[in-house]
1. Cα to Cα, under 26 Å, and not fewer than 8 places away if on the same chain: which lysines meet these conditions relative to LYS48?
2. Stretch VAL69-GLU32 to full length: gain in nm at 0.36 nm per residue minus the Cα-Cα span?
3. If you count only protein heavy atoms with a 1.4 Å probe, what accessible area per residue comes out for the chain, rounded to a whole Å²?
4. Less than 18 Å apart at the alpha-carbon level, and either on another chain or at least 8 residues along: which aspartates and glutamates does that give for LYS53?
5. May I ask for the equivalent-ellipsoid semi-axes of the chain, computed as the square root of five times each C-alpha gyration tensor eigenvalue and listed largest first in whole Å?
6. Can you send over the carbon and sulfur percentage of the accessible area for the chain, probe radius 1.4 Å, protein chains only?
Amino acid sequence: MAYTSESNQILVDKVKQSDFTELRITRIESQEHEFEAVDIRQWYCTQKDQEMKPTKKGVRIQADQLDVVLEAIKTARS
């Protein structure tokens, strides 16, 4: 599912990985402000261009799968 003009993207948090990369956690909502998904994606910049840009490295988790994925992550941590 790609970003569309019908989707609202709300930046939840950024996790700095290095001077040139960060993870961005974004909430995706429909036009009606209904929760659709969470996107966790690596963003990068270069020394020449300081504007952060998204990479293909990331995952989008649909709202109906989020609880199952979070439980699996907790299990993996143990």
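The values are calculated or read from the model by the stated rules, or taken from the named source; none is laboratory data. Since the model is a prediction, treat every value here as computed from it, not as a measurement. In case anyone asks, the SASA skips ligands and DNA or RNA and just uses the protein heavy atoms, side chains included. Shrake-Rupley method; radii C 1.70, N 1.55, O 1.52, S 1.80 Å.
1. By straight Cα distance, LYS48 reaches LYS14, LYS16, LYS56, LYS57.
2. 10.8 nm
3. Working: 6000 Å² over 78 residues.
Value for the chain: 77 Å² per residue.
4. Counting by Cα, and skipping residues close in sequence, LYS53 has these aspartates and glutamates nearby: ASP13, ASP19, GLU22, ASP39.
5. After diagonalising the Cα gyration tensor, the semi-axes are 24, 19, 9 Å.
6. 52
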